[in-house]
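Notes follow once the structure below has been shown.
Just so it is clear, none of the values below were taken in a lab; they were calculated from the coordinates. Note that the structure is a prediction, hence the values are computed from the model and not measured.
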Amino acid sequence: MKVKKVPLRSCIVTKERLEKKDLIRVVKTKEQEVLVDLTGKVNGRGAYLKKDLLVFEKAKKSNVLSRHLEIQVPDAIYEELNNLLK
């Protein structure tokens with residue numbers, strides 16, 4: 001029986017390689033919108049964050065998400081990420 005390959009992605013804050021189900025994807029679309037992608041299928045440039053409140057706080061302080069997506073990420077996105085874990 002063939003073993004199914006598990007897709008791994010890297011968290012942009014911790015640099016850990018984790019399964020996609022353990023990460024949250026944030027996407028910049030062609031229309032220059034920033035969205036939280038829960039399905040993992042929205043078109044655009046994506047960045048993965050580990051599902052952890054400390055990681056979200058560190059991403060906001062270091063501005064790593066804005067640098068990776070090459071656009072200013074609104075505070076509403078960070079609030080939405082925090083609400084997803086609560």
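Taking amide H atoms as placed 1.01 Å from N in the peptide plane, list the residues 5 or more away in sequence, or in a different chain, whose amide H sits under 5 Å from that of Val13.
Long-range HN contacts for Val13: Lys50.
Would you kindly calculate the translational diffusion coefficient of the chain, applying Stokes-Einstein with the Kirkwood radius from alpha carbon pairs, for 4 °C and a viscosity of 1.567 mPa s, and quote it in µm² s⁻¹ without decimals? Spell out each step's value before the answer.
Numbers: Rh = 13.3 Å.
Using the Kirkwood radius from Cα pairs, D works out to 98 µm²/s.
Quick one: helix 53-62 against the long Cα principal axis of the chain, what's the angle to the nearest 10°, folded into 0 to 90?
50
Quick one: of Lys41/Lys61; Lys28/Lys60; Lys58/Lys86; Lys4/Lys28; Lys5/Lys30; Lys15/Lys86, which pairs are farther than 19 Å apart, Cα to Cα?
Numbers: Lys41/Lys61 27 Å; Lys28/Lys60 16 Å; Lys58/Lys86 17 Å; Lys4/Lys28 30 Å; Lys5/Lys30 30 Å; Lys15/Lys86 23 Å.
Violating the 19 Å Cα-Cα cut-off are Lys41/Lys61; Lys4/Lys28; Lys5/Lys30; Lys15/Lys86.
Which whole-Hz ³J(HN,Hα) couplings does the range 70-82 yield from phi under the Karplus relation 6.51 cos²θ - 1.76 cosθ + 1.60, θ = phi - 60°, glycine and proline marked x?
Ordered by residue, 3J(HN,Hα) equals 6, 7, 6, 8, x, 4, 4, 5, 5, 5, 5, 5, 5 Hz.
Can you tell me, using C-alpha contacts under 8 Å and at least 6 residues apart, the relative contact order of the chain as a whole percent? Working shown, then result.
Values: 116 pairs, mean separation 22.5, N = 86.
Worked out over the chain, it gives 26 percent.
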